[in-house]
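So the structure is just underneath, and the comments pick up after that.
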Amino acid sequence: MAIDTHTTLTGPRSAAEGGDRLTGRAKLVLFVLCAAQFMVALDFSVLNVALPVLGKGLGLSQSALQWAVTAFALPSGGFLLLFGRIADLHGRKRLFLTGLALFGAASLLTTLAWDPASFLTGRVLQGLGAAVIVPTGMSLLTTTFPEGPLRDKALGISGTLLSLGFTIGMVLGGVMTDTLGWRSTMGLLAAASVVVLAVAPRLLPESRTPERPRLDVPGAVTVTGGLLALIYSLSTAAQRGFHGADVWVTLIAGPVLLVAFVVVESRAAAPLVSLPMLKRRTVAWGNLGGLVTFSMMSTVVFVLTLYLQETLRLSAFLTGLVFGVQGIASVVAGSYAPRVIGRFGARRTLVASLFGQGLFTATLLSVGTGSGALLATVAVSLASMCHLGAIISYGVTVTSGVRDAEQGLATGLVTTTQQVGITIGIPLLGVLATTGSSLFDGVRLVLAVDAAIVIAAAVLVALGLGLGAKATAAAPSARPDPAERSA
């Protein structure tokens, strides 16, 4: 299929422009894109509860189990910006389908893995496939659905499924491992990839930027190297602490390379990331809000799993029910978030959602050692509803007002924020769970720090986006101000 030179295409977008309702074909396109994103989110968590069984089956030592997660997280977080830009230049649909095929083949390899080397190779390839799927899928979504209510609705559905994928993965992974074995979790991803790949080519429009600038190779090397080093150091430190030269070398190298990336981009003729775009308040502060909401919510889910099973001694099934309620709450929030954004604006919704997430996370400090399952269920569900509001509103905030030709850059930042946030949250705070006199004290410490970070971020984002006293006093029924729909 020939690649179009314009990003505004016939198909789902034109069929939807007649009103604020999605057409049948547009719904199918959205389903395909969201299904792919859901698979990637599922992969982040579905294997976690299966690690002990997997280690025994493949002969992975306890200390090497971390690589089952890290081998996926490194490439999936490190190559996002690079693949997002390549898709802009050479065709988003083409690269999206390539990523799906790679992800499916890699999932099959991990399903059939016969030793640790073959399994970890599959996980690395899964991560590379995810690094292709996530930015290209988001770019296809934002270039297919026009800015306004339709895009808000599409981002709302996508954000809901992204959050659900992480939560459902934890529940589904335990059930499938107990009944069918750990290989079934990877087999599920392989089968889902085949289904999506079978229907995607006929539904998705092709798009790329009309310009054909050269790829910024120095920028790609520095940002990819910086992200890889940072994710490696934090993931490794979460497993064995800040011991070893590899942890400290990569921990230092990561920020150094990212600073070098900024310097390179300031001088590049065709930068991988447009620094003027990063200077936009909506892009910079919106991504900060996204990074905090993802990293801190993933940490809450992690430590609550420890609390419910290790402190309250709940079974894996009952723990799954707690997160099942959380998942339902997320679906409800995802369905209403676009309406809230339409009424109050994306920036106000982002700040309010961050405040809510922080406050409900702080409520979890009231749980005890003998009881607290009900409080934990209610509090984490309400925090998740606010989390969904933050996910959707930060995506709208960052991508609004960005030209179609730059959507790959903008959505590359959005998706990098998502994946890096999911990856670094647990390593950053998870180690604090073991610093107290007991696991329960450690969990409370993590929750307290987590809540403080989210609330502090809400204040910073409000100030950064210019939501001062005058802005917040505006009529709540007003549509988003022009600044939200522009740079």
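The values are calculated or read from the model by the stated rules, or taken from the named source; none is laboratory data. As the structure is a prediction and not an experimental result, all values here were calculated from the model. Virtual Cβ from ideal backbone geometry, glycine too; neighbours counted across all protein chains shown. Side chains are part of the model used for accessible areas, which takes the heavy atoms of the whole protein and leaves out ligands, DNA and RNA. Shrake-Rupley method; radii C 1.70, N 1.55, O 1.52, S 1.80 Å.
Is there a residue in segment 31-49 that is surrounded by 15 or more Cβ atoms within 10 Å (Cβ to Cβ), within 27 Å of the chain's Cα centre (by Cα), among the hydrophobic types (A, V, I, L, M, F, W, C) and modelled with pLDDT under 65?
Yes, the conditions are met somewhere in segment 31-49.
Given the condition aliphatic (A, V, I, L, M), under 22 Å from Ala131 (Cα atoms), assigned to a helix (DSSP H, G or I) and modelled with pLDDT of 80 or more, answer yes or no: does some residue in segment 309-325 qualify?
no
Test of understanding: among Val449, Val461, Val420, Val414, which residue is β-branched (Val, Ile, Thr), modelled with pLDDT of 80 or more and either under 30 Å from Gln126 (Cα atoms) or buried (at least 23 other Cβ atoms within 10 Å of the Cβ) (or both)?
Of Val449, Val461, Val420, Val414, the one residue that is β-branched (Val, Ile, Thr), modelled with pLDDT of 80 or more and either under 30 Å from Gln126 (Cα atoms) or buried (at least 23 other Cβ atoms within 10 Å of the Cβ) (or both) is Val461.
Pick from segment 56-77 the residues that are in a helix (DSSP H, G or I), modelled with pLDDT of 75 or more and not hydrophobic (A, V, I, L, M, F, W, C): which of them is farthest from Val194 (Cα to Cα)?
Taking the candidates together, the pick is Lys56.
Have a look at Gly127, Gly156 and point out the one that is closer than 16 Å to Leu80 by Cβ and either part of a loop (DSSP other than H, G, I, E, B) or not polar (S, T, N, Q) (or both).
Gly127
Test Phe302 against the criterion of being touching a residue at least 24 places away in the same chain (Cβ under 8 Å), assigned to a helix (DSSP H, G or I) and open to solvent by 30 Å² or more (accessible area, probe 1.4 Å), and give yes or no.
Criteria met by Phe302.
In segment 334-346, how many are open to solvent by less than 10 Å² (accessible area, probe 1.4 Å), more than 13 Å from Leu155 (Cβ to Cβ) and assigned to a helix (DSSP H, G or I)?
The qualifying residues number 0.
Which residues, taken from segment 101-125, are open to solvent by less than 40 Å² (accessible area, probe 1.4 Å) and of a type in the set (Ser, Thr, Tyr)?
Ser107, Thr110, Thr111, Ser118
Please enumerate the residues belonging to segment 266-293 that are open to solvent by 10 Å² or more (accessible area, probe 1.4 Å) and assigned to a helix (DSSP H, G or I).
Matches in segment 266-293: Ser266, Arg267, Leu275, Pro276, Leu278, Arg281, Ala284, Trp285, Asn287, Leu288, Leu291, Val292.
Taking the residues in segment 356-406 that are touching a helix residue (DSSP H, G or I) at 6+ places or on another chain (Cβ under 9 Å), of a type in the set (S, T, N, Q) and part of a loop (DSSP other than H, G, I, E, B) as candidates, determine which candidate is least open to solvent (accessible area, probe 1.4 Å).
Ser400
Ala15 is checked against (1) open to solvent by 10 Å² or more (accessible area, probe 1.4 Å); (2) of a type in the set (A, V, I, L, M); (3) at pLDDT 75 or above and fails just one. What number does that condition carry?
Of the numbered conditions (1) open to solvent by 10 Å² or more (accessible area, probe 1.4 Å); (2) of a type in the set (A, V, I, L, M); (3) at pLDDT 75 or above, the odd one out for Ala15 is (3).
Given the structure, is Thr319 under 24 Å from Gly169 (Cβ atoms), touching a residue at least 12 places away in the same chain (Cβ under 8 Å) and open to solvent by 20 Å² or more (accessible area, probe 1.4 Å)?
When the stated conditions are applied, Thr319 does not pass them.
Are there any pairs with C-beta distances below 7 angstrom linking a residue in segment 265-293 that is on the phi < 0 side of the Ramachandran plot to a residue that is β-branched (Val, Ile, Thr) and part of a loop (DSSP other than H, G, I, E, B), with the two at least 6 apart or on different chains, and if so which?
From segment 265-293, the pairs are Glu265/Val273.
Considering only segment 156-195, state which residues are within 22 Å of Leu318 (Cβ to Cβ), of a type in the set (Val, Ile, Thr) and modelled with pLDDT of 70 or more.
Ile168, Val171, Val175, Thr177, Thr179, Thr185
Within the bounds of segment 89-103, is there any residue that is modelled with pLDDT under 85 and within 17 Å of Phe44 (Cβ to Cβ)?
Within segment 89-103, not a single residue is modelled with pLDDT under 85 and within 17 Å of Phe44 (Cβ to Cβ).
Being under 13 Å from the mean Cα position of the chain (by Cα) and either over 24 Å from Leu460 (Cα atoms) or small (Gly, Ala, Ser) (or both) is the filter here, so list the residues in segment 280-325 that pass it.
Gly289, Gly290, Ser295, Ser298
Only one of (1) assigned to a helix (DSSP H, G or I); (2) at pLDDT below 90 is not met by Gly466, so which one is it?
All conditions are met except number (1).
Regarding segment 234-257, can at least one residue be identified that is assigned to a helix (DSSP H, G or I), surrounded by 18 or more Cβ atoms within 10 Å (Cβ to Cβ), within 19 Å of the chain's Cα centre (by Cα) and not acidic (Asp, Glu)?
There is at least one residue in segment 234-257 that is assigned to a helix (DSSP H, G or I), surrounded by 18 or more Cβ atoms within 10 Å (Cβ to Cβ), within 19 Å of the chain's Cα centre (by Cα) and not acidic (Asp, Glu).
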